[in-house]
Amino acid sequence: MGTYVDKQQLSGRGGKFFVLFCFFSLFFVNNAQASYSVVLVLSSDAAPYQQAADALNSSLEKQGIYTREYLSVKLSELTPEFLAEIYKTKMWVAIGSRAAAHLHKVLPDTTPLVYCMVADPEKIGLENGQENVVGVSVTMPVKEQFTIIQKAIPTLRSIAMLYRSSSHKSMMTLIDVKEHLPNNWTLEAIDVDKSESMADAIAELFLRDVGLIWTMADSAIYNRATVNHLLLSSLRQQVPVFGFSGSFVKAGALLGLDADPVLQGEYAASLVVNGFDDDTLNDKPVSSGVTIAVNMVVANRLGISLPADVVNQASIIGTH
């Protein structure tokens, strides 16, 4: 039931981390009926975070591992004294971006940190491949997103997107989009940094002759006000939007990504057990439990008929 660790595979990693990882592995192997606790921090008590936490707890309890939960991240609760006392013998799990960003900031860089339900891990410094960080994001590779869009709108031939030339992440996403753009599609990319305002950049999107606006999880571009403005313009201009989250689709995007909190929590539990094995580390955050969501109310308003096979496999918002 344990994970075999080759010392040579872990060469170059911090000595403290190696000892800590071995402690968890050996403790689990030799004490199958015993238990140790994992400190679990939720960004808030919102239902999706709690669902992920419940699934993670259930998965770990079956293996004799128990968690101690903190439902909200408050600096007053996670004081340096508190952290100094317990971090050496605990693994930490962050559920949600706020919790993950906070823990990544305050925990020592040798303390194992697992995260889930995070939309933009790289934005807060949680690149997989770090010796003490591993997690699961609520997005999926661009290529897979485009495959979904092609199935949903077979006649689509052009898309538009916002990006920032001043942002390394944004530029890397733009390169990724260009690399995986279907051969029969064209791309209109609007640089927000070259626009007078975000409103002007959004207006420019709809001046281009495109069939869909594609969005990415990037807090440097999208916030609540930006999303609302984009979606209102989408309905007025009769141009659909692909959203990067379930809440985006609920707000008015035609379709987009939606993460299943239960599957996210279960995958995070597997990472707690063996996620720091070299064989499971990835250069980019893993996506798990991420599916498609469609907004049937928006589809009707835009006069778009989505294929039955897409609708039947999606999370449905509005009347089916």
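What are the residues in region 292-316 that are modelled with pLDDT under 85 and closer than 30 Å to Val134 by Cβ, if any? Step through it out loud before you land on a result.
First, the residues of region 292-316 that are modelled with pLDDT under 85: 315-316.
Correct list: Ser315 only.
Just wondering, is there one or more residues in region 153-160 that are of a type in the set (S, T, N, Q), modelled with pLDDT of 95 or more and within 30 Å of Arg98 (Cα to Cα)? Spell out the reasoning first.
Of region 153-160, the ones of a type in the set (S, T, N, Q) are 155, 158.
If we keep only those that are modelled with pLDDT of 95 or more too, we end up with 155, 158.
This time we only want the ones that are within 30 Å of Arg98 (Cα to Cα), so: none.
No, that holds for no residue.
Within the bounds of region 273-290, is there any residue that is within 30 Å of Leu113 (Cα to Cα), in a helix (DSSP H, G or I), modelled with pLDDT under 90 and among the hydrophobic types (A, V, I, L, M, F, W, C)?
Narrowing region 273-290 to residues within 30 Å of Leu113 (Cα to Cα): 273-290.
Filter again for in a helix (DSSP H, G or I), leaving 273-274, 278-280.
When the remaining residues are screened for being modelled with pLDDT under 90, the result is 273-274, 278-280.
With among the hydrophobic types (A, V, I, L, M, F, W, C) added as a condition, the list becomes 273.
Taking every residue of region 273-290 in turn, at least one turns out to be within 30 Å of Leu113 (Cα to Cα), in a helix (DSSP H, G or I), modelled with pLDDT under 90 and among the hydrophobic types (A, V, I, L, M, F, W, C).
Does region 65-86 contain at least one residue that is touching a strand residue (DSSP E or B) at 6+ places or on another chain (Cβ under 8 Å) and either on the phi > 0 side of the Ramachandran plot or at pLDDT 85 or above (or both)? Steps first, please.
Taking region 65-86 as the starting set, the residues that turn out to be touching a strand residue (DSSP E or B) at 6+ places or on another chain (Cβ under 8 Å) are 65-73, 77-78, 86.
Among the residues that remain, those that are also either on the phi > 0 side of the Ramachandran plot or at pLDDT 85 or above (or both) are: none.
Looking for residues that are touching a strand residue (DSSP E or B) at 6+ places or on another chain (Cβ under 8 Å) and either on the phi > 0 side of the Ramachandran plot or at pLDDT 85 or above (or both), one finds none in region 65-86, hence no.
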Is it the case, given these coordinates, that Val177 is in contact with a helix residue (DSSP H, G or I) (Cβ under 6 Å, 6 or more places away or on another chain), at pLDDT 90 or above, in a helix (DSSP H, G or I) and under 30 Å from Val114 (Cβ atoms)? yes
All-but-one check, Val210 against (1) touching a Ser or Thr at 6+ places or on another chain (Cβ under 7 Å); (2) not in a loop (DSSP other than H, G, I, E, B), failing number (2)
Quick count over region 91-110, residues being in a loop (DSSP other than H, G, I, E, B) and either among the aromatic types (Phe, Trp, Tyr) or buried (at least 22 other Cβ atoms within 10 Å of the Cβ) (or both), is 2
Considering only residues that are within 18 Å of Val239 (Cβ to Cβ) and surrounded by fewer than 14 Cβ atoms within 10 Å (Cβ to Cβ), which ones fall in region 151-171? Pro154, Thr155, Arg157
Determine whether Ser37 is within 24 Å of the chain's Cα centre (by Cα) and either at pLDDT below 70 or surrounded by fewer than 13 Cβ atoms within 10 Å (Cβ to Cβ) (or both). no
Tell me yes or no: at least one residue of region 213-221 is in the same structural domain as Leu156 (by TED's automatic domain parsing) and outside any loop (DSSP other than H, G, I, E, B). yes
Please give the number of the condition Asp209 fails out of (1) over 30 Å from Ala52 (Cβ atoms); (2) at pLDDT 95 or above. (2)
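Please tell me if Glu204 is surrounded by 14 or more Cβ atoms within 10 Å (Cβ to Cβ) and more than 23 Å from the chain's Cα centre (by Cα). Show your work before the answer.
On the way: surrounded by 14 or more Cβ atoms within 10 Å (Cβ to Cβ): yes; more than 23 Å from the chain's Cα centre (by Cα): yes.
Yes.
The values are calculated or read from the model by the stated rules, or taken from the named source; none is laboratory data. Computed from a predicted model, the values in this text were never measured in an experiment. Cβ: placed from backbone, ideal geometry, glycine included. Neighbour counts: every protein chain shown.
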